[in-house]
């Protein structure tokens, strides 16, 4: 079956058709995301979003549109959305002008119940230091890796895990078992 025929079948809730499409294109889509994002954690997050969006939009698929460009448009848009959210988060939540510890204190004009308090001690010392290097000092991942005596990729992972934990703390969904 062609991709377009499989997609039409999937639109009518044929999960076997979805399985074939997924197996056929998962590596290509993930490779595309990795080539653009350069971060396995981020690529995996966007990859999952692509297939969630595909599932939601399956009933809107028009068979005159080739499947592969359609799904890559979904992937591209999901990646752009992710980058915008990530960059916005980094600029507004962890700006280089504010020391990292100040994020745990309430803003003077607001009531303490209006904003979440984040206990940065829930991050380990390496995570706090890595975030300070990245967002307060503006260091590259390579420079952070050198300062922390680790690889550039590991520096990226430390920061990624710290940001995920901060996000969970801010939304009240902290994972208590996570000490990294």
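The values are calculated or read from the model by the stated rules, or taken from the named source; none is laboratory data. The structure displayed is predicted, hence computed values, not measured ones. Using ideal geometry, Cβ is built from the backbone for each residue, glycine included, and neighbour counts are taken over all protein chains shown.
Values computed for the structure shown
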{"item": "The listed residue being modelled with pLDDT under 55 and assigned to a helix (DSSP H, G or I), out of 132, 97, 101", "result": "101"}
{"item": "Candidate set: segment 67-83, residues that are surrounded by 13 or more Cβ atoms within 10 Å (Cβ to Cβ) and over 18 Å from residue 45 (Cβ atoms); chosen: the one farthest from the chain's Cα centre (by Cα)", "result": "67"}
{"item": "Boolean, residue 12 is within 22 Å of residue 162 (Cα to Cα), modelled with pLDDT of 90 or more and surrounded by fewer than 17 Cβ atoms within 10 Å (Cβ to Cβ)", "result": "no"}
{"item": "Given (1) surrounded by fewer than 13 Cβ atoms within 10 Å (Cβ to Cβ); (2) at pLDDT below 85; (3) more than 21 Å from the chain's Cα centre (by Cα), number of the condition residue 172 does not satisfy", "result": "(3)"}
